[in-house]
Amino acid sequence: MMKILRIGFFHRVCVCVCVPASIMEQCACVERELEKVLHRFVMYGHQSEERLDELLRSVCEIRAQLVAFAGVQDADLSVLSQNMTQCCKNIKETVQMLASRHKDIHGSVSKVGKAIDRNFDAEISAVVAETVWDTAERQKYLSESIVEHLYRQGMLSVAEDLCQESGVVIDMSMKQPFLELNRILEALRMQDLRPALEWAVSNRQRLLELNSSLEFKLHRLYFISLLSGGIGNQMEALQYARHFQPFASQHQRDIQILMGSLVYLRHGIENSPYRSLLETNQWAEICNIFTRDACALLGLSVESPLSVSFASGCMALPVLMNIKQVIEQRQCSGVWTHKDELPIEIDLGKKCWYHSVFACPILRQQTSESNPPMKLICGHVISRDALNKLTNAGKLKCPYCPMEQNPSHAKQIYF
């Protein structure tokens with residue numbers, strides 16, 4: 001039986017995420033084995049058709065000879081007998097050859113399964129907390145995360161189906177921004193700038209507060225689309241250039257380039273020094289800029305939290321599986337007793353850095369929700385456990401200043 005690798009599936013919903021390089025390498029190994037099997041299947045099919053066609057022609061020739069000899073008395077059948085013997089021999093050899101090669105293909109198919117087993121560990125429960133989804137509240141959070149991801153991806157009908165099947169109720173106020181965002185993105189993919197321009201103009205003040213250049217780049221792209229229409233759009237392009245006036249101080253150089261391109265409009269921008277204005281990657285860039293700024297205005301991260309969590313897990317899981325294997329080999333299972341804590345530090349790359357992690361300089365341990373960092377009056381920061389241990393008779397002396405102070409004046413600065 002062929003083994004099928006499913007990367008993410010929940011309630012008939014397949015979640016598309018960015019897969020890290022290590023997982024991609026493992027998938028590539030399996031894919032190479034699969035390509036070998038497919039190649040052998042194709043070659044086997046071609047060879048089988050050729051040999052069977054040859055046998056069919058031989059049988060047809062012998063049949064024609066039998067018909068020819070049927071009306072002849074005292075005919076010499078020795079030649080026909082030899083032909084029939086040779087044909088039977090060819091049929092037997094062909095059947096044996098096809099069976100042998102078919103058996104070889106079975107070996108290649110089994111190698112695909114072994115490649116999956118070698119590159120992917122099916123049993124990951126040893127590094128996962130057993131109670132991570134044991135409550136209805138946590139399952140609700142998971143369903144909400146998947147629904148939000150689907151809304152971000154524009155898969156609105158799938159999100160609605162998931163809500164019905166999982167019982168998750170999503171407020172319309174949460175749903176509406178994603179509906180509008182996907183409507184505008186779909187228009188941008190169709191190279192229709194009007195919905196995005198209307199949105200940018202209506203949110204101009206908030207975009208300026210973010211120091212965003214979205215509105216200017218939308219006007220710029222619309223102006224370029226007029227330039228690509230040739231000399232017939234010259235007057236319309238000149239009139240549309242008035243939209244650049246509010247952005248003259250911030251984007252003076254870009255505006256000068258756009259206006260200079262009008263000189264070459266008669267001969268075609270694609271044949272001028274301004275041909276770079278017609279690059280097609282600008283549409284993908286404007287989609288990314290719009291998504292980033294729209295999410296910022298909505299108070300959302302640019303990337304889906306589910307995608308980030310999944311990608312982080314894909315990077316961390318192989319390391320944790322290796323640690324588990326080492327612990328089992330050295331028979332020191334008591335080293336890692338709490339699955340909600342990582343036994344080692346795993347570097348997920350700067351892309352997954354959202355805030356720094358504070359380690360107490362006194363106790364040399366990482367802070368947590370139950371042991372948050374505390375800021376002293378003098379400005380030094382230690383963990384709450386260290387604060388309690390250094391407190392003596394209601395007073396605290398900072399181990400760095402040392403300034404004597406009241407521990408109740410310390411402020412929690414995280415969590």
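The values are calculated or read from the model by the stated rules, or taken from the named source; none is laboratory data. Computed from a predicted model, the values in this text were never measured in an experiment. Cβ sites come from the backbone with ideal geometry, for glycine too, and all protein chains shown count toward neighbours.
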What do you reckon, is A311 assigned to a helix (DSSP H, G or I), in the same structural domain as E209 (by TED's automatic domain parsing) and modelled with pLDDT of 80 or more?
no
So, K114, is that one out of contact with any strand residue (DSSP E or B) (no Cβ under 6 Å at 6 or more places or on another chain) and closer than 30 Å to Q26 by Cα or not?
yes
Out of the residues in segment 111-140 that are within 15 Å of Q325 (Cβ to Cβ), in a helix (DSSP H, G or I) and hydrophobic (A, V, I, L, M, F, W, C), state the one that is modelled with the lowest pLDDT.
A126
Inspect all residues belonging to segment 187-210 and state whether any of them is of a type outside the set (F, W, Y), surrounded by 13 or more Cβ atoms within 10 Å (Cβ to Cβ), under 25 Å from the mean Cα position of the chain (by Cα) and assigned to a helix (DSSP H, G or I).
yes
Looking only at residues in segment 162-172 that are surrounded by 15 or more Cβ atoms within 10 Å (Cβ to Cβ) and assigned to a helix (DSSP H, G or I), which one is modelled with the lowest pLDDT?
S166
Take the conditions surrounded by 13 or more Cβ atoms within 10 Å (Cβ to Cβ) and modelled with pLDDT under 85 and apply them to V59. Does it pass?
no
Which residues, counting only those in segment 345-398, are of a type in the set (S, T, Y) and farther than 28 Å from E303 by Cα?
S370, S383, T391
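Conditions tested, residue by residue: (1) touching a residue at least 12 places away in the same chain (Cβ under 8 Å); (2) under 20 Å from S304 (Cβ atoms).
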position: A159; (1), (2): yes, yes
position: C163; (1), (2): yes, yes
position: L185; (1), (2): yes, yes
position: L188; (1), (2): yes, yes
position: D192; (1), (2): no, no
position: L214; (1), (2): yes, no
position: K217; (1), (2): yes, no
position: G232; (1), (2): no, no
All positions within segment 146-159 that are assigned to a helix (DSSP H, G or I), surrounded by 15 or more Cβ atoms within 10 Å (Cβ to Cβ) and of a type outside the set (A, V, I, L, M, F, W, C):
E148, H149, Y151, R152
If you take the residues in segment 249-280 that are more than 39 Å from the chain's Cα centre (by Cα) and hydrophobic (A, V, I, L, M, F, W, C), which one is surrounded by the most Cβ atoms within 10 Å (Cβ to Cβ)?
L265
Check on A99, part of a helix (DSSP H, G or I) and over 26 Å from the mean Cα position of the chain (by Cα):
yes
Here's a check for you: in segment 364-380, which residue that is in contact with a strand residue (DSSP E or B) (Cβ under 6 Å, 6 or more places away or on another chain) and assigned to a loop (DSSP other than H, G, I, E, B) is nearest to Q405 (Cα to Cα)?
I377
Search result, residues across segment 284-311 that are surrounded by fewer than 17 Cβ atoms within 10 Å (Cβ to Cβ), of a type outside the set (A, V, I, L, M, F, W, C) and within 16 Å of K351 (Cα to Cα):
R292, S301, P305, S309
Looking only at residues that are surrounded by fewer than 18 Cβ atoms within 10 Å (Cβ to Cβ) and among the aromatic types (F, W, Y) in segment 217-246, which one is farthest from L193 (Cα to Cα)?
Y240
